[in-house]
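K.L.:
Following this message is one structure expressed as structure tokens.
Coordinate-derived values only; no laboratory data. Predicted model, so just to flag it, every value in this text is computed and none were measured. Neighbour counts are summed over all protein chains in view; Cβ atoms, including those assigned to glycine, are modelled from backbone coordinates with ideal geometry.
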Amino acid sequence: MTATVTCDYAKVQSILDGHGNDPARLISILQAVQAEYRYLPEEALAYVAEALNLPPARVYGVATFYAHFALEPKGRHVVKLCDGTACHVRGSMPILEAIRKRLGLTGEKVTTDDMAFTVETVSCLGACGLAPAVVIDEEVHGQVTPEQAVTLIEAIIEKDKEASHV
């Protein structure tokens, strides 16, 4: 089950205006749209293409070419597990299995139903000396064990619970 977001065209237009409605700034525009929605809604891509007088295929092509862009909604917390050579050899797959088990996720289902977590594997985090490495909400954790990974997830869940009671 994937949550969908209704595109607020006024917000997208504000982003376009902030970038001078300049087609040469397409990547920056898409980054700003993604910052607003945590992914690139299909309606927003179509709107950007129309507003910038660009073929929709070009906008979609840019959105799918760069790994930074997401076409599906992501959770509030993004967990990136490195599965590059160094991390894989040092045990990244048991970490991934532990995180998925704790969150009830699979290889096909990468975001929790409550949109709290998205778990992704990446080819390289550039932290080979810290292998196996996990990035949670842009914070790098190195030499992680499956147990430590689950503890990190539990701490975020607990912190979110406390924040919701405030």
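K.L.:
Kindly put 58, 102 in sequence by how many other C-beta atoms sit within 10 Å of each C-beta, fewest to most.
P.N.:
Lowest count first: 58, 102.
K.L.:
Something else about it: Working from Cα positions, state the angle (0 to 90°, nearest 10) between the long axis of helix 146-164 and the longest principal axis of the chain.
P.N.:
Taking Cα atoms only, the helix is inclined about 60 degrees.
K.L.:
Pull out the extension gain between residue 8 and residue 27, defined as 0.36 nm times the separation in residues minus the alpha carbon to alpha carbon distance; nm, one decimal.
P.N.:
Fully extending the segment from residue 8 to residue 27 adds 4.9 nm.
K.L.:
Could you give the length gained on full extension between residue 90 and residue 53, defined as 0.36 nm per residue of separation minus the Cα-Cα distance, in nm?
P.N.:
Using 0.36 nm per residue and subtracting the Cα-Cα distance, I get 8.4 nm.
K.L.:
Something else now. Helix 9-18 versus the longest principal axis of the chain: what angle, 0 to 90°, nearest 10, using Cα atoms?
P.N.:
80 degrees
K.L.:
Separation of the range 11-80 and the range 91-121 by C-alpha centroid, Å?
P.N.:
Comparing the Cα centres of the range 11-80 and the range 91-121, I get a distance of 26 Å.
K.L.:
Can you give me the long-range amide H partners of residue 117? Hydrogens built in the peptide plane at 1.01 Å from N, cutoff under 5 Å, separation of 5 or more residues or another chain.
P.N.:
For residue 117, whose amide H was placed from the backbone, the distant partners under 5 Å are 76, 77, 112.
K.L.:
Here's a follow-up. Antiparallel as a % of all DSSP beta bridges within the chain, to the nearest 5?
P.N.:
Here the share of antiparallel DSSP bridges comes out near 55 percent.
K.L.:
Could you check the simple spin-label distance between residue 145 and residue 64, using points 7 Å along Cα→Cβ, in nm with one decimal?
P.N.:
Inter-label distance under the simple model: 4.3 nm.
K.L.:
Report the full-extension gain for the segment residue 138 to residue 116: residue separation times 0.36 nm, less the Cα-Cα distance, to one decimal in nm.
P.N.:
Once the chain is fully extended between residue 138 and residue 116, it gains 6.4 nm.
K.L.:
Still on this structure, please answer the following. Counting other beta carbons within 10 Å of each residue's own, what order do 88, 141 fall into, fewest first?
P.N.:
Ordered from fewest to most neighbouring Cβ atoms within 10 Å, 88, 141 come out as 88, 141.
K.L.:
Any idea what the relative contact order of the range 77-164 is, in percent, if you count C-alpha pairs under 8 Å spaced at least 6 apart?
P.N.:
It rounds to 38 percent for the range 77-164.
K.L.:
Same structure, new question: I'd like the Karplus ³J(HN,Hα) series for the range 98-115: coefficients 6.51, -1.76, 1.60, θ = phi - 60°, whole numbers in Hz, and an x wherever there's a Gly or Pro.
P.N.:
Taking θ as phi minus 60°, the curve returns 5, 5, 4, 4, 4, 9, x, 10, 9, x, 8, 9, 9, 10, 5, 4, 7, 6 Hz for the range 98-115.
K.L.:
Just to be sure I understand the model, the point goes 7 Å from the Cα along the line to the Cβ. What's the resulting residue 97 to residue 163 distance in nm?
P.N.:
Distance between the two pseudo-spin positions: 3.1 nm.
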